[in-house]
């Protein structure tokens, strides 16, 4: 079995187009949605309104997956982070000493979810699936990093074709699709200050929701006698450390690919 781990971003969108054109062999694309309350709304809209219809039109199977509990009900990353009584934080927040915290979100809500789907569809350990990852040449250092599984072997079709992120944008454009948004959770601690500032300017309600999540995490940590954590490397509360971006002030930087398993920011 050959599937592509589609994150809904620039590289994944290009990979879908290349799959439809027969230039890479991935007849199945899997999008593990970490939650409608967790993924950036623009990413969710793009996947459902652009990528899924495009896949259907071109004979590519495109499945939306979710982590589920024992009752088969969807569980979101935001729910886990805000669950009463929880002591763990599954996103790489910055600790008070500047070190990143746990980064369990990708493994739990992306890799394990796709692995479960593969097992349910007949993949065995002695015959693992090939899972395509949307890493382009300009972020080649991310290839081969992250958690391996017993049911999949990672493949990097964009690297094999020598494709860069700028090429991906052109591939998507030539296919007649709108430019994909950056793919991530809206509260991801790997956001650069530029992204936070643009969110505060353009999406103030979403910025406030991220800041409120940071508040919730720290209220919980105070109750158990632990130091605060932060969503930015500035080691200060989000509202205090990030101002709204000014038009024309920020450069158009490329994502730093902090979630280096290759299953996020693709």
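Laboratory data are not the source of any read-out in this text; all were calculated from the coordinates shown. Note that the coordinates shown come from a computational prediction; the quantities given were computed from them, not determined experimentally. Using ideal geometry, Cβ is built from the backbone for each residue, glycine included, and neighbour counts are taken over all protein chains shown.
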Checklist outcome for this item: FRET efficiency (residue 137, residue 223; Cβ distance; R0 51 Å; to 0.05) is 0.60
Checklist entry - Listing 170, 205, 139 from the residue with the fewest other Cβ atoms within 10 Å to the one with the most, what is the order? => result 205, 170, 139
Checklist entry - Could you give the angle, 0 to 90 degrees to the nearest 10, between helix 10-20's Cα long axis and the longest principal axis of the Cα atoms of the chain? => result 20 degrees
Next on the checklist: For 117, 196, which order do you get if you count the other beta carbons within 10 Å of each Cβ and list the fewest first?
Outcome noted: 117, 196
Next on the checklist: So if each residue of separation counts as 0.36 nm, and I subtract the Cα-Cα distance between residue 1 and residue 104, what length gain in nm does that give?
Outcome noted: 34.4 nm
Item to check | Label-point separation in nm, residue 126 to residue 239, each point 7 Å along Cα→Cβ | outcome: 6.0 nm
Checklist outcome for this item: Rounded to the nearest 10, the angle in degrees between the Cα long axis of helix 204-223 and the longest principal axis of the Cα atoms of the chain comes to 60 degrees
Checklist outcome for this item: Rounded to the nearest 10, the angle in degrees between the Cα long axis of helix 165-174 and the longest principal axis of the Cα atoms of the chain comes to 60 degrees
Next on the checklist: At R0 = 45 Å, how high is the FRET efficiency between residue 58 and residue 201 if r is their beta carbon distance? Nearest 0.05 is fine.
Outcome noted: 0.80
Checklist entry - What is the calculated FRET efficiency for residue 25 to residue 116, with r their C-beta to C-beta distance and R₀ = 30 Å, to the nearest 0.05? => result 0.85
